[in-house]
Amino acid sequence: MADCYAGLKAGDAALLDCAWGFSDRDQHGDVDVDVTVAASDEATAYELASASVRAAIQHAGGFTPDWDERVPDLSSVAYRLTDERVELVPA
């Protein structure tokens, strides 16, 4: 997935950075993804980040059934980067 995302990132200037974390558990695995994108507002940033991660999963041969029906993880943290300031975006 990380290699597929890197390919997407190479072709889209709005995809700035991404970090992937993997952990393997007994019956399932977890994937943590940190994505930095350039967008005009938080909603657009979320859509771009979400779509790019989904595309990377699909390009890697994975499946994303019911992706659009899922509620965003409200435990996630979003920051707005403007010039040299970093600002926490309230949930």
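Neighbours of Ser52, meaning other residues whose beta-carbon lies under 14 angstrom from its beta-carbon, give a summed charge of -3 when Lys and Arg score +1 and Asp and Glu score -1. Computed from label points 7 Å out along Cα-Cβ, the spacing between Phe63 and Gln27 is 1.9 nm. For segment 24-35, the Karplus equation 6.51 cos²θ - 1.76 cosθ + 1.60, evaluated at θ = phi - 60°, returns couplings of 9, 10, 4, 10, 7, x, 10, 10, 9, 10, 10, 10 Hz by residue, with Gly and Pro reported as x.
Per-residue 3J(HN,Hα) values for segment 2-10, derived from phi via the Karplus relation 6.51 cos²θ - 1.76 cosθ + 1.60 with θ = phi - 60°, read 4, 5, 5, 5, 4, x, 5, 4, 4 Hz in sequence order (x marks Gly and Pro). Each other residue within a Cβ distance under 12 Å of Phe22 adds +1 if Lys or Arg and -1 if Asp or Glu, for a net charge of -2. In the distance distribution for segment 1-69, Cα-Cα pairs more than 13 Å apart total 67 percent. Among 52-62, 4-14, the peptide with the highest mean count of other Cβ atoms within 10 Å heads the list, and the full ranking is 52-62, 4-14.
With 0.36 nm allotted per residue and the present C-alpha distance subtracted, the Ala6-Trp20 stretch has 3.9 nm of extension available. Can you work out ³J(HN,Hα) from phi for every residue in segment 36-49, in order, using Karplus 6.51 cos²θ - 1.76 cosθ + 1.60 and θ = phi - 60°, giving whole Hz and x for Gly and Pro? Result, ordered by residue: 10, 10, 9, 8, 6, 7, 5, 5, 5, 4, 4, 4, 5, 4 Hz.
Every number in this text was worked out from the coordinates using simple rules, so none of it is lab data. Everything quoted here is computed from the prediction, not taken from an experiment. Positions of Cβ are backbone-derived with ideal geometry, glycine not excepted, and every protein chain shown enters the neighbour counts.
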